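Working notes, structure below.
Bear in mind these aren't lab numbers, they're just calculated from the coordinates by the rules spelled out. Because the structure is predicted, anything quoted here is derived from the model rather than measured. Methodologically, a virtual Cβ is constructed for each residue, glycine included, from the backbone with ideal geometry; neighbour enumeration extends over all protein chains shown.
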Amino acid sequence: VEAVNYQLDLYPNSEEDDANIIKDKGLFRLLTYNQRMAVRHRRNEKRLLKRTLAALEKQIRNKGLDVDGLKRAEGSTLGDVLKGETRKQKTALEDRLEKMGLPVDLK
């Protein structure tokens, strides 16, 4: 979500500004073909980013991740288990050994 907002903030003007340029037929005709296409493209990029943001926020709400106190996974989450999880989390080595069909517990 932060990355999408960051990308939207990089644009010098808003989607509404671009829409107003397109609606102003006199001004829009003064632009070259490439400039007109660039304005349309820029407006469409902003629309896509806004739709992406809305979809992400909806998914966050649907998955129940919109609560305070969630911490970000800053790198490895090894050793962190979810509440109610009873089994020990496997290490990356144990996971690879299991995928290779080799014994994991060598005791």
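Contact annotation: residue pairs with Cβ atoms under 8 Å, 6 or more positions apart or on different chains, pairing a residue in segment 32-44 that is closer than 15 Å to Asn20 by Cβ with a partner that is outside any helix (DSSP H, G or I), are Val39/Leu31; Arg42/Tyr11.
Considering only segment 8-21, state which residues are surrounded by 14 or more Cβ atoms within 10 Å (Cβ to Cβ) and either outside any helix (DSSP H, G or I) or touching a residue at least 12 places away in the same chain (Cβ under 8 Å) (or both). Residues satisfying the conditions are Leu8, Tyr11, Glu15, Asp18, Ala19, Ile21.
For segment 23-39, a residue qualifies if it is surrounded by 15 or more Cβ atoms within 10 Å (Cβ to Cβ) and either under 19 Å from Thr52 (Cα atoms) or aliphatic (A, V, I, L, M) (or both), and exactly one does: Val39.
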